[in-house]
Amino acid sequence: MNRRILSDENLKKNSKLNAIMVIIIFNRTINLQFLAMIIFALIFLAGTCNAIQDTIAHHWDTSIFARIRSDFWRRWFQSDWRNRPGHPIWFLWDAWHCFKMIEKLCYILIIQILIKDWFFTLLCAGLLGLTFNAFYKYILIRKS
């Protein structure tokens, strides 16, 4: 009969193993909590950006942005996207597009944090852009 004898040496080995397991589980819990906090912060930032976009577009006169005195920032917040030049950093041309880009980046980062696959994340971002352009330029436009 091959019985395991619980000697002091075996108890020490088991307690070390148990301590290591507790540390691993504790670290994983902290990492999950940290990732959850990052995701909540990104959702909060995305919601804030969306609120700024709608405020700029629909409630300018009653918003805090109407009090801006600087001509540069006032033009940036009120600029019409149709007057922007076609340059590679078009999303910085006006506040609405800048905050839209930040909102989309938040969603893309959330996908990356949850899925942990850059290829899939970039695929989702590309699909978002293609879907938007297809509907905005072709599907939702009435043909005369």
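Annotations
- Placed amide H near residue 93: partners under 5 Å, 5+ positions off or other chain: none
- Put in order of Cβ neighbour count within 10 Å, fewest first, the listed residues 138, 107 become 138, 107.
- Karplus-derived 3J(HN,Hα) values for the range 105-116, using 6.51 cos²θ - 1.76 cosθ + 1.60 with θ = phi - 60°, are 4, 4, 5, 5, 5, 4, 4, 5, 5, 6, 8, 6 Hz; glycine and proline are entered as x.
- Signed unit charges on C-beta, dipole axis of the range 88-144, positive-most listed residue 96, 129, 139: 139
- In terms of surrounding Cβ atoms within a 10 Å radius of their Cβ, 73, 96 rank from fewest to most as 73, 96.
A short reminder: the numbers here are calculations on the coordinates, not readings from a lab. Everything numeric here is computed off the predicted structure, so don't read it as measured data. Every residue, glycine as well, gets a Cβ built from its backbone with ideal geometry; the counts of neighbours run over all protein chains shown.
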